[in-house]
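The values are calculated or read from the model by the stated rules, or taken from the named source; none is laboratory data. Quick caveat: nothing in here was measured; it's all calculated off a predicted structure. Counting neighbours? That spans all protein chains shown, and the Cβs are built from the backbone with ideal geometry, glycine included. When the accessible area is computed, the model is the full protein with side chains, heavy atoms only, and any ligands, DNA or RNA have been set aside. Shrake-Rupley method; radii C 1.70, N 1.55, O 1.52, S 1.80 Å.
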Amino acid sequence: MNDTQISDNKDSNQRLLQLGWSPYFQAQLDSSPSADGTPARVVGVGKNLFRVRDGQKERLASLAGRLRYASGGSYPVTGDWVLLTDSVICRVLERKNSLSRGASGAHQKAEALPQKEQLLAANLDNVFIVSGLDRDFNLRRIERYLTLVYNCGLRPVIILTKADLHQEPEFCANEVENIACGVPIHLVSAADDEGLTGLGQYLGCGQTTTLIGSSGAGKSTLVNRLCGEPVQLTAAVSEQVGKGRHTTTSRDLFMVPQGGMIIDNPGIREIAFWDGESGLSAAFPDIERLAVHCRFRDCSHLHEPGCHVREAVARGELAAERLANYEKMKREQDYLAQRQNKSADRVEKERWKDVAQKIKAIKKSWK
């Protein structure tokens, strides 16, 4: 290898690092000597094609047939790292993490909880929860977003947009601070760039951040301002119904001047959960701390005597609405966990039933 080739490899590796490449992904290649292909990151997902960037150029790629219908999360999403052979994605590298929710359509009914997982983005460093200080502002919804992000093991950052449209934006920020224990909160205004300055710490070289929030919360406007140019379409909130319009219809990854990347998401109408390992505990640490002192370990905080949580509500130390939201999400996640366990048991039974039928057929062939 001559000096020119060595220099080209160094430049290529540096460009991959700027896209978020890390030892985590390199180790997957090193552990598979037979792995062949060019590393690239998915920056956009279409109906049958993917936009990928390999550090040198952006191109369109198709998916290898064996991956198209594969199970186990092999279908690429925005933010994934893949291996390319020519312009074909032949492998999706194992994700460092992912942001997912229950696929929409449940309408918040326990008997109609999501039937499958919907991956929104992969390999993230931060998640911006965007809420506008207009009709979109809702503390209970922010609590649900926090739980969703914590369920995925990700780091939330709350962005309160349209601060210039509210008479007391600091009051709203204080309200959010009371329910978002220890989560960074940033006020952003369309009138100036002061609020944007504080977001630079999440957008450094190689860092990837995604945005989630309702339609009309100002996500696409925020993306345009962070990118320094209009990369996303925007639209005004409907005055008739006070709701945002879906101007973002795909999930795309954009480079920002600070060197990092940001992924915009279409507005979320149903904040449905899929995984519920530790989200509630992280989003409601105050209730979890109070529950430790309840008389009964399995206290439901509804009617049991000696409930320290209800006592805190009576004393005004805990908002009744916050407790009600916590209990609602706990019921959802408990129900979801039970159903998923039942589904796993059903899959196992069906697998052994299939094995038994094959054994029976073999024995019959011996006669």
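7 Å from Cα along Cα→Cβ at both ARG140 and ARG15: what's the point-to-point distance in nm?
5.1 nm
Quick check on packing: order 30-40, 81-91 by the mean number of other C-beta atoms within 10 Å, highest mean leading.
Numbers: 30-40: 13.2, 81-91: 18.5.
So the order, starting with the most tightly packed, is 81-91, 30-40.
Rank CYS172, ILE185, LEU203 by how far each Cα sits towards the positive end of the charge dipole of region 158-210 (+1 on Lys, Arg Cβ; -1 on Asp, Glu Cβ) and give me just the farthest.
LEU203
Taking the Cα atoms of region 149-225, report the difference between the largest and smallest coordinate on each principal axis, in whole Å and largest first.
35, 29, 24
Excluding ligands and nucleic acids, what accessible area in Å² is computed for MET329 using a 1.4 Å probe, to the nearest 10?
About 0 Å², ignoring ligands and nucleic acids.
What number comes out for the charge environment of ALA191, summing +1 per Lys or Arg and -1 per Asp or Glu over other residues with Cβ under 14 Å away? Walk me through the numbers before you get to the answer.
Numbers: positive: LYS162, ARG225; negative: ASP164, ASP192, ASP193, GLU194.
Summing Lys and Arg as +1 and Asp and Glu as -1 gives -2.
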